[in-house]
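J.: Below: one structure in structure tokens.
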Amino acid sequence: MTKRCTNKKSQGFILNTSSDYFQNMGVDVMAFSDIYPEGHQSGVSIIMHGNRVATNGDIRFEQTPGQWQPVPKQISREVDEDSNTITTTLCYPDRSRHLKGFNPMIYPDFEFNYKVIVKGEGESVKITVDLDRPIPEKFAGKICFNLELFPGALFGKPWIMDDKHGIFPEQPNGPVIRKPSNLLHTGDFSQPDAKADIERLTGGNKGYSPIVADDIIAEPYAVGKRFVVRPDDPYNRFIVESKGSELKLYDGRMNHNNGWFVISSEVPPNVTEKAIQWTITPNVVDSWLHIPVVQVSQVGYHPN
């Protein structure tokens, strides 16, 4: 995201229809511009002054998913300049991934569609999630909306949750909690060419398996309604506020060696419209200038 910021003042987050993401000076908020969630590239993403600080803002079946946990299938994405909104429709399961492919996944027995509506409103971006049906009681406390934070940029840096504060640790610390595994509710979505065997994938529950890893997760570092990332740094500071479900700060490295820090809100049962309501407010530095970028085109390749 190469930016050139002048002395102009922030005009709020406006949808840039040529690139299909929200821009406010040196800060960009993307909404499902790509979909590679197992690689920490999907959903709602935030790029602040040249740094990608958060990604994978989306519905998942776990608070701290790894690369083997179920991911949604994107159905459609609508960009509406008039309402300054991006609406993405997704669903579970993705039958093309259930027990098949290079990275086979095991999907729980709950089929549903949902919409993630991202809207620029002044200095903030509002996220609303609508479901086409309420989640079953057996998945209460499991299905949630997550936003992942890159750990390498946060080690030793501060955070604030309501009136509690702390730092992001270099290594995962603290107690863990047990949760009923989604493996207890595996769906029957098998395709004729599915080749993966659940028993072999999970190791027969004879020891730790990263494909099951939702049964033991980190206990949240903090719980609240308003979370501030990097309050000490104007170039990377942003605020997440939740209306309804509480925000919980997890350390995804506790059960995945490639896990990230995660801000998560559980989807409440018996709710469909506005199941999740978040407001994200990144700090915008008006005077920020992107460092120069020199690009070299190989002989035979056009610069465009």
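J.: Do you know which residues across segment 43-83 are of a type in the set (S, T, Y) and either buried (at least 23 other Cβ atoms within 10 Å of the Cβ) or touching a helix residue (DSSP H, G or I) at 6+ places or on another chain (Cβ under 6 Å) (or both)?
T.: Of segment 43-83, the ones of a type in the set (S, T, Y) are 45, 55, 64, 76, 83.
If the condition is that a residue be of a type in the set (S, T, Y) and either buried (at least 23 other Cβ atoms within 10 Å of the Cβ) or touching a helix residue (DSSP H, G or I) at 6+ places or on another chain (Cβ under 6 Å) (or both), then S45, T55, T64 are the ones that fit.
J.: Just a yes or no: is a residue in segment 55-74 over 29 Å from I198 (Cα atoms) and either modelled with pLDDT under 95 or out of contact with any His (no Cβ under 9 Å at 6 or more places or on another chain) (or both)?
T.: no
J.: Scan V223, V240, V228 and give me the residue that is farther than 20 Å from V125 by Cα, assigned to a strand (DSSP E or B) and in contact (Cβ under 8 Å) with a residue 12 or more places away in the chain.
T.: Testing whether each residue is farther than 20 Å from V125 by Cα, assigned to a strand (DSSP E or B) and in contact (Cβ under 8 Å) with a residue 12 or more places away in the chain leaves just V223.
J.: Also, I was wondering about something else. Give me the pairs, please: first residue somewhere in segment 87-102 and part of a loop (DSSP other than H, G, I, E, B) and of a type in the set (D, E, K, R), second residue anywhere and surrounded by fewer than 20 Cβ atoms within 10 Å (Cβ to Cβ) and at pLDDT 95 or above, beta-carbon distance under 6 Å, and either six or more positions apart or on two chains.
T.: Note: pairs meeting the criteria are D94/K73.
J.: Look at R97 and say whether it is more than 19 Å from D34 (Cα to Cα) and either out of contact with any Asp or Glu (no Cβ under 8 Å at 6 or more places or on another chain) or at pLDDT below 95 (or both).
T.: No; evaluated as a whole, the condition is false for this residue.
J.: How many residues, within segment 26-48, are farther than 19 Å from K126 by Cβ and in a loop (DSSP other than H, G, I, E, B)?
T.: Qualifying residue count, segment 26-48: 5.
J.: Which one is modelled with the highest pLDDT among residues in segment 138-185 that are exposed (fewer than 15 other Cβ atoms within 10 Å of the Cβ) and β-branched (V, I, T)?
T.: Here the answer is I167.
J.: Please state which one of A140, A196, A153 is among the hydrophobic types (A, V, I, L, M, F, W, C), in contact with a Lys or Arg (Cβ under 7 Å, 6 or more places away or on another chain) and touching a residue at least 40 places away in the same chain (Cβ under 8 Å).
T.: Result: A196 is the single residue among A140, A196, A153 that is among the hydrophobic types (A, V, I, L, M, F, W, C), in contact with a Lys or Arg (Cβ under 7 Å, 6 or more places away or on another chain) and touching a residue at least 40 places away in the same chain (Cβ under 8 Å).
J.: Pick from segment 255-285 the residues that are more than 15 Å from the chain's Cα centre (by Cα) and crowded, with 21+ Cβ neighbours inside 10 Å: which of them is farthest from H165 (Cα to Cα)?
T.: Checked segment 255-285; the qualifying residue farthest from H165 (Cα to Cα) is A275.
J.: L201 - would you say it is among the aliphatic types (A, V, I, L, M), buried (at least 17 other Cβ atoms within 10 Å of the Cβ) and closer than 29 Å to G101 by Cα? Don't jump to the end; show me each part of the working.
T.: Values: among the aliphatic types (A, V, I, L, M): yes; buried (at least 17 other Cβ atoms within 10 Å of the Cβ): yes; closer than 29 Å to G101 by Cα: yes.
The answer is yes for L201.
J.: Could you list all residues from segment 93-114 that are out of contact with any Leu (no Cβ under 8 Å at 6 or more places or on another chain) and either closer than 27 Å to G12 by Cβ or surrounded by fewer than 20 Cβ atoms within 10 Å (Cβ to Cβ) (or both)?
T.: Within segment 93-114, D94, R95, S96, K100, G101, F102, N103, D109, F110, E111 meet the criteria.
J.: Among the residues of segment 64-110, how many are among the polar types (S, T, N, Q) and under 17 Å from H185 (Cβ atoms)?
T.: As a first pass, look at segment 64-110 and keep what is among the polar types (S, T, N, Q): 64, 67, 69, 74, 76, 83-85, 87-89, 96, 103.
Adding the requirement that they be under 17 Å from H185 (Cβ atoms) leaves 69.
Residues that pass the stated criteria total 1.
The values are calculated or read from the model by the stated rules, or taken from the named source; none is laboratory data. Since the structure is predicted, the reported quantities are computational estimates derived from the model, not experimental observations. Cβ sites come from the backbone with ideal geometry, for glycine too, and all protein chains shown count toward neighbours.
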